[in-house]
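S.K.: Handing you a structure now.
Taken together, the values in this text are just the output of simple stated rules run on the coordinates, not laboratory data. Bear in mind that the values here come from a model prediction, so they are computed numbers and not experimental data. In this analysis, Cβ positions are derived from the backbone assuming ideal geometry, glycine residues included, and neighbour counts consider all displayed protein chains.
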Amino acid sequence: MELTDELLAAHAALARDLWLSTLPARSAVPEYTVSPSFRRKMARLLREQRRRPGTVRFLRRAKRTAAVVLAAALLLFAGLMTVTAYRERVLQLVMQVYEDLTEFRFTNAAQEAESAPLPDVVLSGFPEDMELTEDSYTPTRHNLVYESPAGQFFRLSYNVIPPKGFSGSILDTEHSRFREITLRGLPAYCNENEGHTLLLWTDGPVIYQLSGNLPTEELIAIAEKIKILQN
Amino acid sequence: MLLYLALIDSEEGRSKFETLYRTYRDLMLWQAQDILKDWHDTEDVVHESFLKLTKYVDRIDDPKSPKTRALVVTVTERTAIDLYRRRKRLSFCTLDEEWAAPSPEIEAISQQSALAAAMALLPARYREVLLLRFDSGFSVEEVGQLLSMSPDNVRKTIQRAKKKLSEALLEQEV
């Protein structure tokens, strides 16, 4: 028998139903209790799906009219560079402020052939009942999540931008308190929104984001105490 | 707080995605856990599978149909097997090569359609590709995206699946 695509298509639905019959019925699948981390990730994903159409419409409108865009090509946080002029300026930032979100686009204009290695970090200064629940690492990104039994959490995510590379983030700044601060002697951004705080700063070719539902002062204290170990 | 970028385009898509989550979350967790035996990895796989599915929500007509159930389970299964392979650092994974055990339903139906029964019993990789391509109607490129395979690899897998099916049917003297 020659197995043509048409023949397979004709029998595929029955094959699918047969295969599905080998899986447990819905009533036989246990109701799982998932971790706070999973709940948060899925809640965020669901929330993003709910809100995306409006955001997309807004972005399209904004791009079309160019009326609400504040585009500033800066050497990183140039307004504060007098404080940190001794630091090597590696990443360029383009920040676009929309009605309900702010887009950050970091570009590494360096001409070196090789990317800087991702540093290691040592965290301290967080509440004693918080434990490490996620530690994912790739050559260019490191994510660390700490959680407490009471539901408090914070996440440190940092990634290195290779020469000629870029990285972008969109920050939900609707109904939030968004401001520039100084962190670790560097210019930084702080966004507080519905009990969640995000701190964003760069150091060399590395972008750091520290977020969580701890009080902002505690997150800032944790950020200040991060020990960076260059590899 | 940080937004994911562009995934679903319509109001209908949004509600479909929520229905998918409510309907299949536990089944996906069960399936991933069955493969991985590690709860942390299981949750990561289910989250990653939902992320993959967001790109195809607009292609789903009925979130509770058998076709959608097959799509969801297939994506979860493949994501879990891929992680299993990475974890075990295996270049060859027995999970892909094992034929499924025939169930009473499959044995009963095999009298009607030996081909459908053989397709249902194929090793996971072959079954996944065939069902996504010929039942769900995804293009070779889309199958590749859903299963993290190159289009060339999808085409080769289809050819190998046909060969396996032919051999299975020959054994049954069909």
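S.K.: Enumerate the amide H contacts of A:Ile181 below 5 Å, restricted to partners 5 or more residues apart or on another chain; note that Pro and chain-start residues carry no placed amide H.
M.R.: Hits under the 5 Å cutoff: A:Ala188, A:Tyr189, A:Cys190.
S.K.: Please compute the Kirkwood hydrodynamic radius of segment B:12-90 from all pairs of different C-alpha atoms, in Å with one decimal.
M.R.: One over the average 1/r among Cα pairs gives 12.6 Å for segment B:12-90.
S.K.: Can you pull the mean other chain C-beta count within 10 Å for peptide B:132-145?
M.R.: The shielding value for this peptide is 2.
S.K.: Given a Förster radius of 30 Å and the C-beta distance between A:Ser27 and A:Ser136 as r, what FRET efficiency does 1/(1 + (r/R0)^6) yield to the nearest 0.05?
M.R.: The value I calculate is 0.30.
S.K.: Quick one: check the C-alpha center-to-center distance for segment A:141-212 versus segment B:41-69, whole angstrom.
M.R.: Spelled out, the Cα-based centre of one part sits 29 Å from the other.
S.K.: Also, I was wondering about something else. From other protein chains only, count the Cβ atoms within 10 Å of every residue's Cβ in A:19-28, then give the mean.
M.R.: Per residue, the average neighbour count from other chains is 6.
S.K.: Just tell me how shielded B:70-83 is by partners: mean number of partner chain Cβ atoms within 10 Å of each residue's Cβ, no decimals.
M.R.: 1
S.K.: Report, ordered by chain and residue number, the lysines lying within cross-link reach of A:Lys227, taken as a straight Cα distance under 18 Å and ignoring same-chain residues fewer than 8 apart.
M.R.: Qualifying lysines at Cα under 18 Å: none.
S.K.: Could you pull out every one of the lysines with an alpha carbon less than 30 Å from that of B:Lys16, ignoring same-chain neighbours closer than 8 positions?
M.R.: Excluding near neighbours in sequence, the set is A:Lys41, A:Lys63, B:Lys37, B:Lys52, B:Lys55, B:Lys64, B:Lys67.
S.K.: State to the nearest 20 debye the size of the charge dipole of segment A:162-223 about its Cα centre, where the only charges are +1 on K and R beta carbons and -1 on D and E beta carbons.
M.R.: Result for segment A:162-223 is approximately 300 debye, rounded to the nearest 20.
S.K.: Send over the per residue convex hull volume for segment A:134-180, Cα only, as a whole number of Å³.
M.R.: 117
S.K.: Which value does Rg/Rh take for segment A:158-231 over its C-alpha atoms, Rh per Kirkwood?
M.R.: Rounded to two decimals, Rg over Rh is 0.97.
S.K.: I've got another one for you. Sorting A:Ile181, B:Ile35, A:Ile222 on the 10 Å Cβ count, fewest up front, what's the list?
M.R.: Arranged by neighbour count, lowest to highest, A:Ile181, B:Ile35, A:Ile222 become A:Ile181, B:Ile35, A:Ile222.
S.K.: Arrange B:Lys156, B:Lys164, A:Lys227 by Cβ neighbour counts within 10 Å, fewest through most, would you?
M.R.: With the fewest neighbours first, B:Lys156, B:Lys164, A:Lys227 line up as A:Lys227, B:Lys156, B:Lys164.
S.K.: Moving to a separate point now. Which of A:His11, A:His196 comes first, and how do the rest follow, when ranked by fewest Cβ neighbours within 10 Å?
M.R.: Least to most surrounded, the residues fall as A:His196, A:His11.
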